[in-house]
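Okay, structure first, notes after.
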Amino acid sequence: MENVIIIGSGPAGLSAGIYTGRAGLNPLIVEGPCPSGQLILASNVENYPGFPSGIPGYELMELMTKQAKGFGARFISGSVSRVDFNVVPFKIWISEKCHKTNAVIIATGARARRLGIPAEKKLLGFGVSFCATCDGRFFRDKGVVVVGGGDTAISEAIFLAALCKNVTVIHRRDKLRASMALQKVALKNPKISFIFSTILTDIFDVEMKKVVAVRLRNVKTNEEYDLPCDGVFVAIGYIPDVDIFKGQIQITGDGYISCHNGQETSTKGVFACGDCVDARYRQAITAAASGSMAGLDCIRYLEERK
Ligand SMILES: Cc1cc2nc3c(=O)[nH]c(=O)nc-3n(C[C@H](O)[C@H](O)[C@H](O)COP(=O)(O)OP(=O)(O)OC[C@H]3O[C@@H](n4cnc5c(N)ncnc54)[C@H](O)[C@@H]3O)c2cc1C
């Protein structure tokens, strides 16, 4: 029987591990399909406090893992395939083996929705990005495209316009989906232009390992043409990794785990943190912060049950 099982080993899960570890709870952290979380994909993290020259994502995550282990957190490889939160002890199946626990902290993150073209994957970190806040600075005075038409895409375009020479928003529909307030700000920004009814079909140049242009296709006329640019920001939404929890805890209309009173989910004793609860910020620092909150909420819950 475990005190607490933490599902996910990114910044949120590891922070929860540090807090519950320091409280003597000996947490078990399930690493999942992406041990140490998605920050390992970041070549240099410049906005995590404490590292004035930045730090490679994998190094930051190595430090967090070491810190959690130092306080007694244990790690198990494999993924959670099924959960049963109906009664305490909760049941969690890790690689088909059932584990029992008095509390659970969910920190499974959210994946950026991808265009699904091969060049997108090959040029990730080489001019293709899913996060303007994280990578915008690398495109100062350059020309970039943003793919998408919702709130995220338009917010990213506005953010990038403050840094870049120009920003072209590529949207597959003939009008934006973003809120009117955001649209107003973007439409009157002279650095932002829009190409509607158009999809991005390829990104060049994989051989050169940098972005030099994108291929676009007008979905109404089928006309195809290349647009030179230095960077591509894909902002077509996120998919929180919460499928295995459906029917067990409340999920919002957007697909994120619903929390109240700090990091409590709709089931007492089950807490959630990080990008899987956060439709808004999705940063390492915010994930780590909510991981600490989930850890503290969990410690209090287990104390009260004694
Ligand atoms: C390329 C890139 C660059 C980035 N750069 C920055 C940056 O510079 N600064 C910044 O602040 N943010 C950056 N981010 C965003 C940052 O990585 C995320 O906000 C942060 O990692 C979220 O932390 P998390 O712990 O909530 O989730 P994640 O880091 O996504 O971790 C989720 C964890 O859950 C596990 N998991 C998922 N499903 C299961 C399952 N079924 N069973 C068990 N475990 C499971 C995964 O294996 C993983 O360990 C970047 C993201 C990317 C992709």
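The values are calculated or read from the model by the stated rules, or taken from the named source; none is laboratory data. Keep in mind the model is a prediction, meaning the values are calculated, not measured. Backbone-built Cβ (ideal geometry, glycine too); neighbour counts: all protein chains shown.
Taking first residues from region 236-247 that are farther than 16 Å from G274 by Cβ and partners that are surrounded by fewer than 21 Cβ atoms within 10 Å (Cβ to Cβ), the Cβ contacts under 6 Å between residues at least 6 apart in sequence or on separate chains come to I236/R113; G237/R113.
Can you work out which of the residues in region 286-306 that are hydrophobic (A, V, I, L, M, F, W, C) and touching a helix residue (DSSP H, G or I) at 6+ places or on another chain (Cβ under 8 Å) is farthest from the ligand (Cβ to nearest atom)?
In the first step, residues of region 286-306 are kept if they are hydrophobic (A, V, I, L, M, F, W, C); the result is 287-289, 293-294, 296, 298-299, 302.
Applying the additional criterion that residues be touching a helix residue (DSSP H, G or I) at 6+ places or on another chain (Cβ under 8 Å) yields 287-289, 294, 296, 298-299.
Numbers: A287: 3, A288: 8, A289: 11, A294: 10, L296: 16, C298: 16, I299: 19 Å.
By that ranking, first place goes to I299.
The set of residues from region 77-87 being away from the ligand (no atom under 14 Å from the Cβ) and either surrounded by 14 or more Cβ atoms within 10 Å (Cβ to Cβ) or among the small types (G, A, S) (or both) comprises just one member, F85. R217 falls short on exactly one of the conditions (1) closer than 30 Å to M293 by Cα; (2) outside any loop (DSSP other than H, G, I, E, B); (3) not β-branched (V, I, T), and that condition is (1). Against the criterion of being modelled with pLDDT of 95 or more and in contact with a strand residue (DSSP E or B) (Cβ under 8 Å, 6 or more places away or on another chain), G143 qualifies. Residues in region 221-235 that are within 21 Å of R280 (Cα to Cα) and either exposed (fewer than 13 other Cβ atoms within 10 Å of the Cβ) or in contact with a Pro (Cβ under 8 Å, 6 or more places away or on another chain) (or both): 0 in all. Among residues of region 16-33 that are touching a residue at least 60 places away in the same chain (Cβ under 8 Å), those with a beta-carbon under 9 Å from a residue that is away from the ligand (no atom under 16 Å from the Cβ) and of a type in the set (D, E, K, R) at least six positions away or on a different chain give the pairs A23/E303. Select, from Y238, Y281, Y256, the only residue that is under 26 Å from R82 (Cβ atoms), under 22 Å from the mean Cα position of the chain (by Cα), at pLDDT below 95 and surrounded by fewer than 22 Cβ atoms within 10 Å (Cβ to Cβ). Step by step, each of Y238, Y281, Y256 is checked, and only Y238 is under 26 Å from R82 (Cβ atoms), under 22 Å from the mean Cα position of the chain (by Cα), at pLDDT below 95 and surrounded by fewer than 22 Cβ atoms within 10 Å (Cβ to Cβ). Restricting attention to region 150-191, the residues that are at pLDDT 95 or above, surrounded by 19 or more Cβ atoms within 10 Å (Cβ to Cβ), out of contact with any helix residue (DSSP H, G or I) (no Cβ under 7 Å at 6 or more places or on another chain) and within 12 Å of I236 (Cα to Cα) total 2. Among residues of region 113-133 that are in a loop (DSSP other than H, G, I, E, B), those with a beta-carbon under 7 Å from a residue that is acidic (D, E) at least six positions away or on a different chain give the pairs R114/E120; I117/D202; G127/D230.
Of G13, G21, all but one fail to be more than 11 Å from the ligand (Cβ to nearest atom), buried (at least 20 other Cβ atoms within 10 Å of the Cβ) and under 20 Å from N102 (Cβ atoms); the exception is G21.
Residue pairs whose Cβ atoms lie under 6 Å apart, sitting 6 or more positions apart in sequence or on different chains, and linking a residue in region 55-72 that is within 14 Å of G17 (Cα to Cα) to a partner that is more than 14 Å from the ligand (Cβ to nearest atom) and among the polar types (S, T, N, Q), are G72/N26.
Answer yes or no: is there a residue in region 233-244 that is within 16 Å of the ligand (Cβ to nearest atom), charged (D, E, K, R) and not in a strand (DSSP E or B). It would help to see each step written out before you state the result.
Going residue by residue through region 233-244, those that are within 16 Å of the ligand (Cβ to nearest atom) are 233-244.
Keeping just the survivors that are charged (D, E, K, R) gives 241, 243.
Checking the rest, the ones that are also not in a strand (DSSP E or B) come to 241, 243.
For region 233-244, residues within 16 Å of the ligand (Cβ to nearest atom), charged (D, E, K, R) and not in a strand (DSSP E or B): present.
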